[in-house]
Ligand code: ADP
Ligand code: MG
């Protein structure tokens with residue numbers, strides 16, 4: 001678990017929604033992301049995580065407002081390095097591309113130096129620079145993708161399920177690498193994972209997404225040690241061996257509640273039918289979309 005040291009806001013998100021036809025992939029997201037924050041974005045498949053990343057990086061149309069508090073450089077690392085790295089290019093050229101195309105650097109000596117530094121920073125041997133992506137392992141390819149991002153010195157790095165296509169041990173090494181990069185560089189990271197244990201390790205703050213809505217948001221230590229939403233509790237108890245799990249599980253309810261999670265909730269009762277599904281402030285930096293937030297453990 002990391003702690004964010006800065007208080008300065010770098011991204012301000014107001015009433016962000018993304019709609020595909022009549023379907024909201026994201027709805028009414030309000031969020032303030034601080035400089036040097038590692039924002040963990042958690043949620044099951046289809047909850048809107050990738051849409052959130054795409055909206056922030058400007059590659060998806062949205063309604064609402066996303067403001068950057070300074071001219072920030074954003075870079076995006078995708079889930080599957082096999083499809084994000086051009087198979088016809090040597091690793092050297094892959095890492096060089098953003099330097100030439102985006103940074104407009106022409107000096108070969110500077111380019112060489114930047115590429116060599118980046119490849120060392122991600123823990124790879126410079127011999128790999130002459131190889132093609134198919135000659136590398138999954139973990140090595142993801143390190144190349146990280147190196148390609150780092151050469152341009154991004155202020156904000158968006159990592160969308162970057163360990164999901166890897167073996168657990170390789171994924172853990174990538175997570176370690178990212179933590180080192182975070183601690184060395186002044187950088188803000190948006191780290192998406194369906195696996196909350198990865199977020200426990202890497203993030204300073206967490207949002208829990210469900211069907212395009214934030215169900216809970218707060219500091220990582222509060223979310224993990226003191227979850228307030230039943231869904232968060234289900235996610236966390238699935239990774240802890242110590243909690244009693246009989247009652248903490250997905251249900252199948254028929255409800256009239258506007259609460260978006262009520263049909264699956266182990267705490268659902270008639271009281272929830274009056275709830276308007278709004279996000280509730282429980283402290284300065286902890287919000288939850290549940291009226292039973294004080295009673296989710298019993
Ligand atoms: P996640 O990354 O959490 O798995 P996504 O953000 O990819 O979720 O998708 C959220 C929802 O939006 C899903 O139901 C998905 O099917 C839908 N969706 C994503 N992209 C599109 C698109 N281009 N057109 C229509 N629906 C989409
Ligand atoms: Mg996704």
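The values are calculated or read from the model by the stated rules, or taken from the named source; none is laboratory data. Since the structure is predicted, the reported quantities are computational estimates derived from the model, not experimental observations. Glycine also receives a Cβ, built like all others from the backbone with ideal geometry; neighbour counts cover every protein chain displayed.
Run residue 224 past the list (1) in contact with a helix residue (DSSP H, G or I) (Cβ under 6 Å, 6 or more places away or on another chain); (2) surrounded by 15 or more Cβ atoms within 10 Å (Cβ to Cβ); (3) under 30 Å from residue 19 (Cβ atoms) and report the number of the one that doesn't hold.
Among (1) in contact with a helix residue (DSSP H, G or I) (Cβ under 6 Å, 6 or more places away or on another chain); (2) surrounded by 15 or more Cβ atoms within 10 Å (Cβ to Cβ); (3) under 30 Å from residue 19 (Cβ atoms), residue 224 violates only (3).
Can you spot a residue in segment 168-190 that is touching a strand residue (DSSP E or B) at 6+ places or on another chain (Cβ under 7 Å), within 16 Å of ligand 2 (Cβ to nearest atom) and in contact (Cβ under 8 Å) with a residue 60 or more places away in the chain?
yes
Exactly one of these conditions fails for residue 260: (1) touching a residue at least 24 places away in the same chain (Cβ under 8 Å); (2) assigned to a helix (DSSP H, G or I). Give me its number.
Among (1) touching a residue at least 24 places away in the same chain (Cβ under 8 Å); (2) assigned to a helix (DSSP H, G or I), the lone unmet condition for residue 260 is (2).
Inside segment 82-109, can you point out the residues that are in a helix (DSSP H, G or I), touching a helix residue (DSSP H, G or I) at 6+ places or on another chain (Cβ under 8 Å) and farther than 18 Å from residue 49 by Cβ?
Those that are in a helix (DSSP H, G or I), touching a helix residue (DSSP H, G or I) at 6+ places or on another chain (Cβ under 8 Å) and farther than 18 Å from residue 49 by Cβ: 82, 91, 92, 94, 95, 96, 97, 98, 99, 100.
Return yes or no: is residue 119 outside any loop (DSSP other than H, G, I, E, B) and within 17 Å of residue 73 (Cβ to Cβ)?
When the stated conditions are applied, residue 119 does not pass them.
Is there any pair linking a residue in segment 75-94 that is in contact (Cβ under 8 Å) with a residue 60 or more places away in the chain to one that is loosely packed, with under 15 Cβ neighbours inside 10 Å, with Cβ under 8 Å and at least six apart or on different chains, and which?
Final answer for the pair search is 76/59; 79/164.
Whether any residue in segment 57-80 is in contact with a strand residue (DSSP E or B) (Cβ under 6 Å, 6 or more places away or on another chain) and part of a helix (DSSP H, G or I) is what I want to check.
yes
May I ask you to list the residues in segment 25-56 that are in a loop (DSSP other than H, G, I, E, B) and more than 11 Å from ligand 1 (Cβ to nearest atom)?
35, 36, 37 - these are the residues of segment 25-56 that are in a loop (DSSP other than H, G, I, E, B) and more than 11 Å from ligand 1 (Cβ to nearest atom).
Return the residues of segment 155-195 that are outside any loop (DSSP other than H, G, I, E, B), within 16 Å of ligand 1 (Cβ to nearest atom) and surrounded by fewer than 23 Cβ atoms within 10 Å (Cβ to Cβ); say none if nothing qualifies.
160 - this is the single residue of segment 155-195 that is outside any loop (DSSP other than H, G, I, E, B), within 16 Å of ligand 1 (Cβ to nearest atom) and surrounded by fewer than 23 Cβ atoms within 10 Å (Cβ to Cβ).
Just checking, does segment 24-45 include any residue being free of Cβ contacts under 8 Å to residues at least 60 places away in the same chain, in contact with a strand residue (DSSP E or B) (Cβ under 8 Å, 6 or more places away or on another chain), more than 16 Å from ligand 2 (Cβ to nearest atom) and more than 25 Å from residue 284 (Cα to Cα)?
For segment 24-45, residues free of Cβ contacts under 8 Å to residues at least 60 places away in the same chain, in contact with a strand residue (DSSP E or B) (Cβ under 8 Å, 6 or more places away or on another chain), more than 16 Å from ligand 2 (Cβ to nearest atom) and more than 25 Å from residue 284 (Cα to Cα): absent.
May I ask you to list the residues in segment 227-250 that are modelled with pLDDT under 95, assigned to a loop (DSSP other than H, G, I, E, B) and under 27 Å from the mean Cα position of the chain (by Cα)?
238, 239, 240, 241, 242, 243, 245, 248, 249, 250
Here are some conditions: (1) away from ligand 1 (no atom under 13 Å from the Cβ); (2) surrounded by fewer than 18 Cβ atoms within 10 Å (Cβ to Cβ); (3) closer than 20 Å to residue 199 by Cα; (4) at pLDDT 95 or above. Residue 67 meets all but one. Which one does it not meet?
Among (1) away from ligand 1 (no atom under 13 Å from the Cβ); (2) surrounded by fewer than 18 Cβ atoms within 10 Å (Cβ to Cβ); (3) closer than 20 Å to residue 199 by Cα; (4) at pLDDT 95 or above, residue 67 violates only (3).
Kindly indicate which of 202, 207 is farther than 30 Å from residue 23 by Cα and modelled with pLDDT of 95 or more.
On inspection, the qualifying residue turns out to be 202.
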